[in-house]
Structure formats: C-alpha cells, structure tokens
Amino acid sequence: MLVSSLTMDSSPLDSHASSDQYVLDRRRWFVLASFVVCNLNQCFCNMTFSSLQDGTMEAYFGPSMDKATSDMLLNWGPIFGIICFPAAVWISSRPGGLRRAMWCGIVLVLLGNIVRMIPVVARQLTGDEQVARSPSAFICYHIGQIFVAMAGPFNMGAVTLLSVVWFAESERTTATAIAQVSNGMGATVAYLNPLWLMTSPVDMPNLFYFGLALAVLPLLGALVYLPARPPRFPSAAAEAAAACAGGPREVGRCAQLSRRPSFVVLVGTVGIFSGAMAAFTSLFQTMLGPEGVDERAVGWMGFGNGLACNVAGILAGSMIDRCFRRRLKGGILVGLLGVFLCLAWFMLSLPCFGVKAPNSVLPHADWSLALTLTLAGVFQGIAEPLFYELAAELMYPAKESTSAGVIVFVMNAAAGVTIGLNSVCNAENMNYVVNAIVLVVFLAVLLGVREEYRRPQDGGGRGDAATKPLAQAGASRHASEEVAMEGGVT
C-alpha cells in the first residue's frame, strides 16, 4: 500500500487536458506562485546594497560601505552562482529534483535574510549606530549575501523544469516566462526602495524586514503543497522528462551537446546577454548618480525598466503559446534588435564619443532616459524567456534544469565581469561595453543558431516516436523512486 503526500485520486485536476492521457492539476499555479515569490526575493535581497546611492548607504552603514564594498556584496551573486552550478544541476536532475531545488532556494534565501539582519536588529535594540558599522556586522552582511547568492542557480536553473513538470505544452512558454521574469521582478521592486521602503537613512531596517517577510511566504507555501510532481503528467514532455531523470547521465549528455553548434552558440549568447543586462540594470544608481541624476529619478527609471521587462516577458510567452508556437528564434531576434536600438539611444543621451558632461549627442531629460530604459525592458522581456525555451528544445533529451543551469552558469560569469568592470569604468564606458555585447549577441543568434524542436509533442510531433517508449518504460520506475524518496512504501 502506498502512503504518500502525492495521493493521486484525491488531487483536484482540471477538467481539460491536452489529450485524454494528460491531465492538468489546478494547483500548478500555487506551486508557480511559491516559486515566483522565492525567485523575486532572491534578486531583491541580492540588490539590497546596490539599490541606493553610495551617500545614502554610508549614512547608515558608515564609510566602510563604499562603492567597492557594495559592488562586492552584489558580486557574490555571480561568484556563488558559478560555484553552486554543479550542485544545482546535480540536485535538480535527480528524481524529484524540482522540489529539492525549490527547497534549497527557499532555505538559502531565508538563512541569508536572518544572518544579514542580525546587526540591523542589534542596532535597533541597542540604539548604538556603531553596531551596524562594525567589522563583525560587515561579516554578517557578506555571509547573508552569500547565502542569498547560493540560492540563485537553484531558482533560475529550475525555470524550464518547473514549466515542463507542471504545465501543458500550450502553457509551457507562458509558465517559463513567468518563472524567469520573477527574478527580474525583484530588481523592479528594489528600485522602489528610495521611493517607499527607505525615504531616509533611518528607514534602512525596512529593507531587511521586507526581505525576511518575503522569505517566509514561499516557506509556508512549500509546507502547504510542494510534491515532487503533479498526480498525473500534464504533457508528453513531462512524461519523457520523468523517465529520463538521472544525475550521472547529465554529464555525458552535456558532453554530447558541446558538439551541437547551435546549442553552444545559443547558451553562450543568452548567458552573456542575460548576465550583462542583469548587472547593467543593477548598476543604474552607481552609473547615473555621478552624472547628476537624482536618486529618486533613477529609482523610477529602474522600476520602469524592470516592470516593462516583466510584463513583456509574460505577454511574449503567452503570444508564442497561442499564435506563434515554434517560432522562438524570430521572437528572440526581435527582442535583441529592440534592446540594441534602445540602449544605443540611451548611450547617445549621455556623454559619449568625446562629448563631455553636461552635454550629450542627443538631447535628454529624466523622462527621456526613463522612456529609453522602459522600451529596452520591453524588448529584453520578449527575448529572455524565449532563450530558455529554445535552449531546452535544443538540449533535449538532457533535463530542462541542465539547459537552464548552463545558461545561469554563463550568465553569472558575464554578470561578474560586468559588475567588475563597473568598479573601474565610468558610465560612458559601461554603455560602450553593453551595447557591443548586445550587438554581438544579435549577430551570433542570427547567423549561428538553427531553430530545432526536439522535445515530444502531445499530438505526436517530432521526437515522439523516439521518446514515447522511453517515457512509458520509465514511468513506473520513476514513480517507485519518488515513493521511496517520500518514505511512503509500507
């Protein structure tokens, strides 16, 4: 007799499905919501020390919180994203890997929030401002940020895995888009910090309390409902993915994929593009502050960029699912071209090409800078989720978590380099670097990526004949592994 939290007969299922064999669980949206909050908060907490200008940070944390220190606190994200990449891929590629990865992300973000707020709470209780400025306090800030950074590859490496495990083929791109842009939502919220959470330095603890509150929500959600997979498979791809689960095989699959030029080019370009853009948008305060742009104005610019990116990503995913299915490369190229044109406009609106401040090649005001960044966010939002879905298609039969994990690995490396460059480059040079990166990525995708769709389709499209027997043969084995993992065999 099987005793398990995954009782098949009692689970609420949608009345519709992609076929008679595949059924959707209504609770998939609850699982996605828990993931979204955790992923959002991971980015929000990662940006805590970079969402405000240097003078504001020094007013609370003292002179030790200079530009180099805030950049280092931000750079723990890509550093530990790279370090934790192998563990994240290993864990997520095992049976029940999605749940394991989500729990790792939830616990690490919660631990990070607890550790980094210890000096802040101590200052609140004692009234001694030196408590939050001492060397031991900075050790807590760094350790807390490291825990938050370690959660990154577990969260971002699971975006396509979550969509294939829980969602139908007709919803998969939309689910990937929602999961992927949720990390950017954290940056969007962080840019509002000087506008609502911290209007003066004495309000600094609000950032830490808010992060801790958000860290608790996905923990509660996971305790309520987070099984290894839904009671019934939602698609042929989900069934095949369950049958193919296994950690050691992923290494061999990755080695084979290195011989597919399209996949290598795609993963390299999306990693570099996403990493450079993530770092670039997180540095608006340190870039534009020295150019004389007010802290609150920069906050609104960052908010507009992030919100536009998030909304456009979800809408693009939905449009691809409904109207342009299997046209991912076209959407990616439209997004990349739009980002390049908008960032070129942004660059020409600031001192560049020998034109010195306060002048610029194109006239500008705060509203025009905000408009260019908002439009850049729209096009970035169109491109990024489609990158993840096309990578999962090209990488099949390797696990979706592996393709996303490789992207996140390259993304973290690119983000680390970009943040490092910000320490030695001014806004003008950073604009040159990011525009050059986007142009190279556009040309590489246009010329070097061949669009292929390898995952099984519910209607029996390409890949079904090869993978269907594998899925059926592995289904019972996978189910027994999950039950044993739950400790439910009696």
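The values are calculated or read from the model by the stated rules, or taken from the named source; none is laboratory data. As the structure is a prediction and not an experimental result, all values here were calculated from the model. Neighbour counts run over all protein chains shown; Cβ positions are idealised from the backbone, glycine included. Note: accessible area is taken over every heavy atom of the protein model, side chains too, but ligands, DNA and RNA are not part of it. Shrake-Rupley method; radii C 1.70, N 1.55, O 1.52, S 1.80 Å.
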With a ≥ b ≥ c the root eigenvalues of the C-alpha gyration tensor of segment 315-444, is it rounded (a/c under 1.5), prolate (a/b larger than b/c) or oblate? oblate
Gain on full stretching of the segment that runs from Leu443 to Arg259 - 0.36 nm per residue minus C-alpha separation: 64.2 nm
With θ set to phi - 60° and the Karplus curve 6.51 cos²θ - 1.76 cosθ + 1.60, what are the ³J(HN,Hα) couplings of segment 123-130 in order, to the nearest whole Hz, using x for Gly and Pro? 5, 4, 6, 8, x, 9, 5, 5
Using label points projected 7 Å from each Cα along Cα→Cβ, tell me how many nm separate Val433 and Gln130, to one decimal. 3.8
Tell me, what is the FRET efficiency for Arg232 and Ala33 to the nearest 0.05, using R0 = 22 angstrom and their Cβ-Cβ distance as r? 0.60
R0 of 30 Å, Cβ-Cβ distance Val224-Ile143: FRET efficiency to nearest 0.05: 0.50
Tabulate in residue order the Karplus-calculated ³J(HN,Hα) for segment 32-48, using 6.51 cos²θ - 1.76 cosθ + 1.60 with θ = phi - 60°, rounded to whole Hz; enter x for Gly and Pro. 4, 5, 4, 5, 4, 5, 5, 5, 4, 5, 4, 6, 4, 5, 4, 9, 3
Provide the FRET efficiency to the nearest 0.05 for the Phe353-Arg326 pair, computing r from the beta carbons and using R0 = 35 Å. 0.25
Two decimals is fine: what's Rg over Rh for segment 78-170, C-alpha atoms, Kirkwood radius as Rh? 1.16
Multiply the residue separation of Asp66 and Asn206 by 0.36 nm, subtract the distance between their alpha-carbon atoms, and state the gained length in nm to one decimal. 48.3 nm
Which residues' amide hydrogens lie under 5 Å from the amide hydrogen of Asp25, considering only partners 5 or more residues apart or on another chain, with H built in the peptide plane? Asp14
Taking the mean number of other Cβ atoms within 10 Å as a proxy for protection, how do you rank 40-47, 206-213, 282-289, 60-67 from highest to lowest? 40-47, 282-289, 206-213, 60-67
Ordering of 230-238, 162-170, 80-88 by burial proxy (mean other Cβ atoms within 10 Å per residue, highest first): 162-170, 230-238, 80-88
Tell me, what ³J(HN,Hα) does each residue in segment 361-378 have, in order and in whole Hz, if you take phi through Karplus 6.51 cos²θ - 1.76 cosθ + 1.60 with θ = phi - 60° and put x for Gly and Pro? 4, 10, x, 8, 9, 4, 5, 6, 5, 5, 5, 4, 6, 5, 5, 4, x, 4
Segment 285-363, accessible surface, carbon-and-sulfur percent (1.4 angstrom probe): 68
What figure in square angstrom, to the nearest 10, would you give for the accessible area of Met347 with a 1.4 Å probe? 20
What net charge is computed for the residues neighbouring Ala297, neighbours being all others with C-beta under 13 Å from the C-beta of Ala297, Lys and Arg scored +1, Asp and Glu -1? -3
Heavy-atom surface of segment 70-157, accessible at 1.4 Å and reported per residue (Å²): 36
